[in-house]
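The structure appears right after this line, and notes come after that.
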Amino acid sequence: MRFSERYGYVKPKEAIQRESIDEDLKNRLWSLLDIYLWKMYEGDILISFEDHEFLDNLILNYWYQVFKKSTDQINPRSSNKILQLKNIFTLDLKWYQIYDFIEFTLKFINQNYSNKELLTKVINALNQLLEDEKSAYRIINIEVIEITSEQEIQSIEVALANTNPYSGVQQHLNQALKLMSDRQKPDYRNSIKESISSVESICKIVTNDDKATLGKALKIVEDKFGLHPALKGSLSQLYGYTSDADGIRHAMLGESNLSYIDAKFMLVACTNFINYLIDKTKD
């Protein structure tokens with residue numbers, strides 16, 4: 001195991017795929033379309049006339065509306081059409097053009113294919129795939145919508161930089177990011193535990209009390225540095241959430257229902273507070 005893997009030094013921009021698509025995500029997106037759409041072309045034998053007409057029109061409109069290429073370039077053989085598509089998708093399209101392609105496909109299915117169950121299956125599979133690969137985007141109302149902003153990523157990056165003098169805090173943040181962004185076996189529950197532990201750690205540092213609970217530390221920060229009561233209350237509620245919700249801070253007998261969205265929210269919320277607290281307590 002590499003040093004960076006042992007200590008969880010994962011760059012936020014790499015952990016969360018915003019304004020980018022890596023090879024794994026690109027290949028899986030293509031494979032998903034292949035499973036739900038292009039397999040209809042197996043052996044050049046189509047399931048039905050409707051499927052044949054639908055897919056022919058879809059491919060024709062890729063060339064005409066998406067690629068803006070001459071339609072006489074389309075290979076007449078079904079299997080070759082798919083190979084042409086794959087080459088353009090995997091070799092030529094930029095990350096945002098791939099999402100244009102996905103969005104166009106979904107809207108075309110919605111408008112031109114009678115079996116609406118197909119659209120639901122494709123959207124559900126896409127959203128699961130996007131979550132698995134830590135994409136910053138999801139399919140909502142047949143559109144690709146950003147769910148992770150540049151500001152959220154910057155908050156994580158700034159907190160990692162701000163906590164250089166505080167190795168314990170930084171280690172918790174790195175571990176939270178690592179556990180959340182693991183694409184093979186993400187651990188959202190422990191990621192959330194690490195995020196809240198980073199807040200506890202920074203509070204103990206600024207209050208010079210290694211035994212201070214978060215509640216006690218917040219009271220000291222409030223008295224010494226003028227922490228707004230509303231902000232203190234929201235942080236206390238956040239801490240309460242980690243104590244109660246889905247057994248985050250306690251041993252669990254069942255499976256956790258926590259998701260990437262939960263872990264990301266907690267990491268961003270905690271890094272925002274850490275950045276605030278460090279700035280608030282500067283000499």
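The values are calculated or read from the model by the stated rules, or taken from the named source; none is laboratory data. Model, not experiment: these values are computed from the prediction. Here the Cβ positions follow ideal geometry from the backbone for every residue, glycine too, while neighbour counts run over all protein chains shown.
Please determine whether any residue of the range 217-224 is out of contact with any Pro (no Cβ under 8 Å at 6 or more places or on another chain), part of a helix (DSSP H, G or I), among the β-branched types (Val, Ile, Thr) and surrounded by fewer than 19 Cβ atoms within 10 Å (Cβ to Cβ). Checked against the condition, which is being out of contact with any Pro (no Cβ under 8 Å at 6 or more places or on another chain), part of a helix (DSSP H, G or I), among the β-branched types (Val, Ile, Thr) and surrounded by fewer than 19 Cβ atoms within 10 Å (Cβ to Cβ), the range 217-224 yields at least one hit.
When each of Lys185, Lys216 is tested for being modelled with pLDDT of 80 or more and either of a type outside the set (A, V, I, L, M, F, W, C) or over 17 Å from the mean Cα position of the chain (by Cα) (or both), the lone residue that passes is Lys185.
Residue-level analysis places Asn124 outside the set of residues that are free of Cβ contacts under 8 Å to residues at least 12 places away in the same chain, more than 26 Å from the chain's Cα centre (by Cα) and assigned by TED's automatic domain parsing to the domain that holds Trp38.
Conditions tested, residue by residue: (1) at pLDDT 75 or above; (2) in a strand (DSSP E or B); (3) more than 27 Å from Leu129 (Cα to Cα).
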position	(1), (2), (3)
Ser4	no, no, no
Gly8	no, no, no
Leu25	yes, no, no
Asp34	yes, no, no
Met40	no, no, no
Glu53	yes, no, yes
Asp72	yes, no, yes
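Checking the range 183-190 against the condition returns no match, with no residue being within 26 Å of Phe273 (Cα to Cα), basic (Lys, Arg) and in contact with a strand residue (DSSP E or B) (Cβ under 7 Å, 6 or more places away or on another chain).
Given the condition without any contact (Cβ under 8 Å) to a residue 24 or more places away in the chain and within 26 Å of Met180 (Cβ to Cβ), answer yes or no: does some residue in the range 100-117 qualify? Checked against the condition, which is being without any contact (Cβ under 8 Å) to a residue 24 or more places away in the chain and within 26 Å of Met180 (Cβ to Cβ), the range 100-117 yields no hits at all.
Can we say Glu133 is charged (D, E, K, R), under 26 Å from Asp279 (Cβ atoms) and in contact (Cβ under 8 Å) with a residue 60 or more places away in the chain? Break it down into steps so the answer makes sense when it comes.
On the way: charged (D, E, K, R): yes; under 26 Å from Asp279 (Cβ atoms): no; in contact (Cβ under 8 Å) with a residue 60 or more places away in the chain: yes.
Considered against the rule, which asks whether it is charged (D, E, K, R), under 26 Å from Asp279 (Cβ atoms) and in contact (Cβ under 8 Å) with a residue 60 or more places away in the chain, Glu133 comes out as no.
Among the residues making up the range 115-143, those that are over 22 Å from Leu258 (Cβ atoms), modelled with pLDDT under 90 and touching a helix residue (DSSP H, G or I) at 6+ places or on another chain (Cβ under 7 Å) are Ile142, Glu143.
Out of (1) in contact with a helix residue (DSSP H, G or I) (Cβ under 9 Å, 6 or more places away or on another chain); (2) closer than 22 Å to Arg28 by Cα, the odd one out for Leu83 is which? Of (1) in contact with a helix residue (DSSP H, G or I) (Cβ under 9 Å, 6 or more places away or on another chain); (2) closer than 22 Å to Arg28 by Cα, only one is false for Leu83: (1).
Of all residues in the range 133-178, those being of a type in the set (Phe, Trp, Tyr) and over 30 Å from Asn112 (Cβ atoms) number 1. In the set (1) more than 30 Å from Asn272 (Cβ to Cβ); (2) in contact (Cβ under 8 Å) with a residue 40 or more places away in the chain, the condition left unmet by Ile156 is number (1).
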